[in-house]
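Right, I'll just put the structure down here and ask away after.
The values are calculated or read from the model by the stated rules, or taken from the named source; none is laboratory data. Model, not experiment: these values are computed from the prediction. We place every Cβ from the backbone using ideal geometry, glycine too, and count neighbours over all the protein chains shown.
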Amino acid sequence: MKLTSKGQLTIPKKLRTKFGIALNSELDIVEDGNALRIIKRTGDGSPVDRVFGILKSRQSTDRLVKRMRGK
């Protein structure tokens, strides 16, 4: 593989097919010691979107923060 002047790589079709990487798939590149790993994102949306609304409190955020800080 070669890196283009724009910093782009082409993932071979055989590997895209094997790992289910299609047009507009979101991938992360992470450091792993002296190597880089390409990881396909499996969740829907951003990490914030995935946890939004999990706290079922009817209190305001300001009130919750004050309680956590003991005020």
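Residue pairs, Cβ under 6 Å, 6 or more apart or interchain, first in the range 7-30 and closer than 11 Å to Thr42 by Cα, second in a loop (DSSP other than H, G, I, E, B). List them.
Taking only residues 6 or more apart or on different chains, the pairs are Glu26/Arg41.
Sticking with this structure for a sec: Tally up the residues in the range 12-21 that are among the basic types (Lys, Arg) and either surrounded by 11 or more Cβ atoms within 10 Å (Cβ to Cβ) or in a strand (DSSP E or B) (or both), please.
1
Every residue, every condition in (1) surrounded by fewer than 10 Cβ atoms within 10 Å (Cβ to Cβ); (2) at pLDDT 80 or above, yes or no:
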residue: Thr4; (1), (2): yes, yes
residue: Leu23; (1), (2): yes, yes
residue: Asp28; (1), (2): yes, yes
residue: Asp32; (1), (2): yes, yes
residue: Gly45; (1), (2): no, no
residue: Ile54; (1), (2): yes, no
residue: Asp62; (1), (2): yes, yes
